[in-house]
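Student: If you scroll down you'll find the structure; I have some questions about it.
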Amino acid sequence: MIKITKQEKQFMIQYYQANRDFLNNISLFYLSFGISVTAIILSIIALFSSAGFNVITTTISIALAILIIPLLCWCGNEAKKNITNAKKVNAQLQKKLFELYPEYKNKYH
């Protein structure tokens, strides 16, 4: 059986922290991407509607509005999935941290 040293366990804790931070950053990117694309589409709708409401501008506005809903749902679902995975990584991080430093368990719990 291979014995894992304290330095290797510390490295794994840092690795878990990096994974958790990466997942949080990616979820924030998804949310900001969804919001920015929605803002661009809404500005295009406003541009078309400023020319006056007729059949063409109304059709284009409805088509662009239909694009917004799936985009926001997709970005929201991806962000929620990444945040859930980040919570799981954080739980693994705490488990490893308490294995390495048992004195922290009484301090934080």
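Student: Fewest Cβ neighbours within 10 Å first, please rank Val89, Val37, Val55 accordingly.
Tutor: Working: Val89 20, Val37 15, Val55 7.
Going from least to most buried by this count: Val55, Val37, Val89.
Student: Using the Karplus curve 6.51 cos²θ - 1.76 cosθ + 1.60 with θ = phi - 60°, what ³J(HN,Hα) values do you get for each residue of the range 22-27, in whole Hz, with x for Gly and Pro?
Tutor: 4, 5, 5, 5, 5, 5
Student: Another question about this same structure. Given axes a ≥ b ≥ c from the Cα gyration tensor, I'd like to know whether the range 26-101 is rounded (a/c under 1.5), prolate (a/b larger than b/c) or oblate.
Tutor: Because a/c hits 1.5 or more and a/b exceeds b/c, the range 26-101 counts as prolate.
Student: A further question on this structure: List the relative contact order of the chain as a percent without decimals, with contacts defined as Cα pairs under 8 Å and 6+ residues apart.
Tutor: Working: 68 pairs, mean separation 49.1, N = 109.
Answer for the chain is 45 percent.
Every number in this text was worked out from the coordinates using simple rules, so none of it is lab data. All of these numbers come straight from a predicted model, not from anything done at the bench. All Cβ positions, even for glycine, are placed from backbone atoms using ideal geometry, and neighbour counts span all protein chains on display.
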